[in-house]
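I have placed the structure first, in the form of structure tokens, so that the comments after it can refer back to it.
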Amino acid sequence: MFNDIGPLELITLVVLAVLVFGPDKLPKVIQDVMRTVRKIREFSESAKQDIRSELGPEFKDFEFEDLNPKTFIRKHLDNDELGLKEIRNGFDLKKEMAEVTDAVHSTDTSPSSSSSGGRIDMTKKPEELGKDDRPPFDADAT
């Protein structure tokens, strides 16, 4: 219930409770709070039992935690009927990324007619092309 409370926050709550209620009334307040929490738990358990009895025998394995979408999906995808474990185990993300990186870096990097490694220097004026000459290929433009 209080999984998110750290030690510093717990100490702060205790000090605040002592300051607000005082050391004399604090044990009585704690007893009242614990009695209320017990009553709420008993009420929720009886409500769960009433719902299970009303649903009938076909829902005897019904768990209220399954109403949480994350729990429901995890429960139904973890069974091995769909074969998802083999797919998950067969997929190696690091290997796939290494293959993609190798494929990207192994592109043709042969030097072209310009001196900047396949790129056209936009600061120079273009040379006059002859009648049968084609313009240089720009890999970044495509």
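Karplus-derived 3J(HN,Hα) values for region 49-61, using 6.51 cos²θ - 1.76 cosθ + 1.60 with θ = phi - 60°, are 5, 4, 5, 4, 5, 6, 5, x, x, 6, 10, 5, 8 Hz; glycine and proline are entered as x.
For region 1-68, with all protein chains in place and a probe radius of 1.4 Å, 65% of the accessible heavy-atom surface sits on carbon or sulfur. Computed extension length for residue 45-residue 16: 7.2 nm, one decimal, from 0.36 nm per residue of separation with the Cα-Cα distance subtracted. Taken over region 19-75, lysine pairs spaced eight or more positions apart, or on distinct chains, with alpha carbons under 23 Å apart number 8.
The values are calculated or read from the model by the stated rules, or taken from the named source; none is laboratory data. Computed from a predicted structure; not experimentally measured. The protein model used for the area step is the full one, side chains on, heavy atoms only, and it has no ligands, DNA or RNA in it. Shrake-Rupley method; radii C 1.70, N 1.55, O 1.52, S 1.80 Å.
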